[in-house]
Amino acid sequence: MFNIILFGPPGSGKGTQSEKLIERYGLKHLSTGDLLRAEIANKTPLGLEAKSLIDKGQLVPDEVVIGMIDSAIEANAGVNGFLFDGFPRTVAQAEALDKLLSFKKSVIGVMIALQVPEEELIARMLNRAKTSGRSDDADENVLRNRQAVYRRDTLPVADHYRKADKVEEVNGLGTVEEIFERLTQVIDKKKGI
Ligand code: B4P
């Protein structure tokens, strides 16, 4: 198994690039954002709790997302590898993920950290709000809060994987194709292709 974490601030293009990467490498895409939005669409109790936090730009509790990822890993035994998108977002989630993978005798192969300036992120998400219907994209105050939460709670996750020499930084500015090309170069090198 070759497992990848696609890391970066909200709006950095993780979801966009994940769609292309899973096709290229035959990976199973696990996006906690998508899993949570499915719970919200189905109006489950978990979805209702998650929606009130997401709409304020806050993170959903660690135990909730760790439980979702645990079930998803169990449900996908035998895949080539996982592409984790939007997870882990806290150091506690990273430690839990390392443990879940070790039960499967596996590890993270690489964490790719997309680098995008904050003003570009805000512009992208305000633009996405016009068509996505996502309430967490529509209000600039919420968008700024999501970036602040990222800096406070999520950036330390990169340090966690830096200690294990797993982090590769990639410029996230440019066309979707240009960025995809940069990502595949990093992954192919790591996989020894
Ligand atoms: P996510 O669904 O992970 O959303 P995201 O960070 O907004 O998006 P992403 O980086 O994937 O951006 P995208 O490709 O779409 O999280 C949503 C919320 O769920 C979180 O705020 C949190 O509350 C909760 N949550 C999720 N995971 C959690 C966890 N593990 N723990 C706790 N809470 C959790 O790109 C954004 C826009 O840019 C798109 O419109 C796209 O078209 C555009 N774009 C992409 N690439 C571009 C490019 N190269 N140039 C110009 N525009 C581009």
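The values are calculated or read from the model by the stated rules, or taken from the named source; none is laboratory data. Because the structure is predicted, anything quoted here is derived from the model rather than measured. Because the Cβ atoms are built from the backbone with ideal geometry, glycine has one as well, and the counts that use them run over all protein chains shown.
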Taking segment 1-47 as the region of interest, how many residues are in a loop (DSSP other than H, G, I, E, B) and of a type in the set (A, V, I, L, M)? 2
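Can you tell me how many residues in segment 87-115 are among the small types (Gly, Ala, Ser), assigned to a helix (DSSP H, G or I) and either touching an Asp or Glu at 6+ places or on another chain (Cβ under 8 Å) or in contact (Cβ under 8 Å) with a residue 40 or more places away in the chain (or both)?
Qualifying residue count, segment 87-115: 3.
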May I ask you to list the residues in segment 22-37 that are away from the ligand (no atom under 11 Å from the Cβ) and either surrounded by 22 or more Cβ atoms within 10 Å (Cβ to Cβ) or without any contact (Cβ under 8 Å) to a residue 40 or more places away in the chain (or both)? GLU23
Does at least one position in segment 53-75 carry a residue that is farther than 30 Å from ASP188 by Cα, in contact with a Lys or Arg (Cβ under 6 Å, 6 or more places away or on another chain) and modelled with pLDDT under 95? no
How many residues of segment 122-141 are hydrophobic (A, V, I, L, M, F, W, C) and near the ligand (Cβ under 9 Å from one of its atoms)? The answer is 3
Filtering segment 160-173 for residues that are part of a helix (DSSP H, G or I) and over 16 Å from the mean Cα position of the chain (by Cα) leaves a count of 1
Which of the residues belonging to segment 116-167 are touching a Gly at 6+ places or on another chain (Cβ under 7 Å) and among the basic types (Lys, Arg)? ARG124, ARG146
I need the full set of residues from segment 39-86 which are loosely packed, with under 13 Cβ neighbours inside 10 Å and of a type in the set (Lys, Arg), in order please. LYS43
Subset of segment 127-154, residues surrounded by fewer than 14 Cβ atoms within 10 Å (Cβ to Cβ) and either of a type in the set (A, V, I, L, M, F, W, C) or touching a Cys at 6+ places or on another chain (Cβ under 6 Å) (or both), comes to ALA148
